[in-house]
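First up is the structure itself, then whatever we jot down about it.
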Amino acid sequence: MRLQQYFFSHAFYWMMLALLLAAPHPSARAAEEPDWPLFRGGPSQTGVAQGTLPDSLALKWTFTTERPITSSAVINHGNVYFGSQDGFVYAVDLITGKRVWSYETGDAVESPPAAIGGRVYVGSSDFNLYCLDAADGTLHWKFETNDKVMGSPILIDAPGGGSQRVVFGSYDSRLYCLDARSGEKIWDYSTDNYINGSPAIEDDKIVVGGCDAYIHVVSATDGAEIEEVDAEAYVAATVAVEDGFAYVGNYGNEFLCIDLNQRKVAWRFKDRNFPYFSSAALTGDRVIFGGRDRRVHCLDRKTGEPIWEFRTRGKVDSSPVVVGDRLIVGSEDRKLYMLRVSDGGEIWSSELGEGVIASPAVAGGWVVIGAVDGVLYAFGPET
């Protein structure tokens, strides 16, 4: 009997030790957390998420604010960060939907945040860009411009190392570059009208559309102008940049592909007399975007020729996100759609309380998006 107890106790000990060794270390679990820290997923603004999505999603939780949500959410280290027109920036637990903290600015927050390096950078219509602590929402610094900040900031590396830099545009017609830790201005670049969208970067070139009807290409190092390309109508959307080409729609009812090396428009797409405010998602051979013609368009990246279109019942200012052969996008018809990238067929949809202008955040099988009813919706796998 004692011999049996001895072997049982030792077998139990070694089994528990094996389980402990097999369990992921806390830091490893943190590294596996889903991540969508920037508007459009990364600084090139291509709107592509890693991983996969199932054929159907279930509503996991909602979080209600006092005013419409037009700020697109981001996801970082288990929290969702977003702004509301009620003037607050919110941090919400991704799994439970419970408030972690909120921070009040002086006006509506329509800027999508950037959540990187333990900090949250976000603009407000009170003319300021805020740097908040990601853990508790305390203010590290704020930088005042001369008009509202609507677009999302991006984080870029400083030349030769050192502190990262935060780059963003303002309705005061300037593009700003600040030290990300201190908030000190490094340079600014002037345009001739509002900057509504977010900047994108590739190969030390910052690309941003302006309401002065130009695509501006600026040195990330010192803010010097590299080139301007005439878009022929004002650009409110965020430019997507990849492999030396920039993709964006304008208010003149055209969608443009711009060759940044040749400094010219490579092709134009015009379908109906409706402008484009949705930012594009880029796959290997396709560019996908929404329009105020109530459609989602998919074009050939090289030629601009249409591949498919998907009709909704409302304007599509929401910017699509690609996950494998899945596409997530909202519409002002109150629906969130999942489409196939291959042919534009509808896989799944969910009706929300009001229309959707914000863009989805997609990470780790979760889809999070705000709507005009002031509610943030979080979807996940049904199981």
Residues (in contact with a strand residue (DSSP E or B) (Cβ under 7 Å, 6 or more places away or on another chain) and either aromatic (F, W, Y) or in contact (Cβ under 8 Å) with a residue 40 or more places away in the chain (or both)) located in segment 211-221:
Y214, I215, H216, V217, V218, A220
Meets criteria (of a type in the set (S, T, Y) and within 19 Å of V329 (Cα to Cα)) for S72
yes
Take the residues in segment 89-115 that are of a type in the set (A, V, I, L, M, F, W, C) and surrounded by 20 or more Cβ atoms within 10 Å (Cβ to Cβ); name whichever of them is nearest to L139 (Cα to Cα).
V89
Does L299 fit the bill of being over 23 Å from A73 (Cα atoms), in contact (Cβ under 8 Å) with a residue 12 or more places away in the chain, among the aliphatic types (A, V, I, L, M) and buried (at least 22 other Cβ atoms within 10 Å of the Cβ)?
yes
When you scan segment 273-285, do you find a residue that is more than 25 Å from F379 (Cα to Cα) and more than 24 Å from the chain's Cα centre (by Cα), even just one?
yes
Residue set D192, D188; condition out of contact with any helix residue (DSSP H, G or I) (no Cβ under 8 Å at 6 or more places or on another chain) and closer than 11 Å to G223 by Cβ; output residue D188
Which members of segment 329-383 meet the condition of being acidic (D, E) and either within 17 Å of R313 (Cα to Cα) or touching a residue at least 60 places away in the same chain (Cβ under 8 Å) (or both)?
E332, D333, E346, E351, E354, D373, E382
Suppose the filter is surrounded by fewer than 24 Cβ atoms within 10 Å (Cβ to Cβ), charged (D, E, K, R) and within 19 Å of L175 (Cα to Cα); does D86 pass it?
no
Residue that is farthest from the chain's Cα centre (by Cα) [pool: residues in segment 170-207 that are buried (at least 20 other Cβ atoms within 10 Å of the Cβ), under 13 Å from V235 (Cα atoms) and in contact (Cβ under 8 Å) with a residue 40 or more places away in the chain]:
Y194
Is it the case, given these coordinates, that V367 is assigned to a strand (DSSP E or B), buried (at least 19 other Cβ atoms within 10 Å of the Cβ) and within 21 Å of the chain's Cα centre (by Cα)?
yes
Take W141 and tell me if it is part of a strand (DSSP E or B), over 19 Å from P113 (Cα atoms) and touching a Cys at 6+ places or on another chain (Cβ under 6 Å).
no
Out of (1) free of Cβ contacts under 8 Å to residues at least 12 places away in the same chain; (2) of a type outside the set (K, R); (3) surrounded by 22 or more Cβ atoms within 10 Å (Cβ to Cβ), the odd one out for Y276 is which?
(1)
In segment 339-364, the residues that are surrounded by 22 or more Cβ atoms within 10 Å (Cβ to Cβ) and in a strand (DSSP E or B)
L339, A361, V362, A363
Flagged in segment 245-296 as assigned to a loop (DSSP other than H, G, I, E, B), over 12 Å from S319 (Cα atoms) and small (G, A, S), in numbering order, are G252, G284
Which of the residues spanning segment 226-244 are part of a loop (DSSP other than H, G, I, E, B) and either basic (K, R) or over 26 Å from V48 (Cβ atoms) (or both)?
E232, A233, Y234
Test: residue in segment 137-151 that is more than 27 Å from Y81 (Cα to Cα), crowded, with 20+ Cβ neighbours inside 10 Å and modelled with pLDDT of 95 or more
no
So, in segment 116-132, exactly how many residues are outside any loop (DSSP other than H, G, I, E, B) and touching a Leu at 6+ places or on another chain (Cβ under 8 Å)?
10
Looking for whichever is assigned to a loop (DSSP other than H, G, I, E, B), farther than 24 Å from A73 by Cβ and either among the hydroxyl-bearing types (S, T, Y) or in contact with a Gly (Cβ under 9 Å, 6 or more places away or on another chain) (or both) here; the options are S198, S182, S152. Which one fits?
S182
The condition of being surrounded by fewer than 19 Cβ atoms within 10 Å (Cβ to Cβ), closer than 14 Å to G51 by Cβ and of a type outside the set (A, V, I, L, M) holds, among P306, P381, only for P381
G162: passes all of (1) modelled with pLDDT of 95 or more; (2) in a loop (DSSP other than H, G, I, E, B); (3) of a type outside the set (K, R) but (1)
K264 being in contact with a strand residue (DSSP E or B) (Cβ under 6 Å, 6 or more places away or on another chain), over 23 Å from S359 (Cα atoms) and not aliphatic (A, V, I, L, M)
no
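The values are calculated or read from the model by the stated rules, or taken from the named source; none is laboratory data. Note that the coordinates shown come from a computational prediction; the quantities given were computed from them, not determined experimentally. Here Cβ is always computed from backbone atoms with ideal geometry, including for glycine, and neighbour counts include all displayed protein chains.
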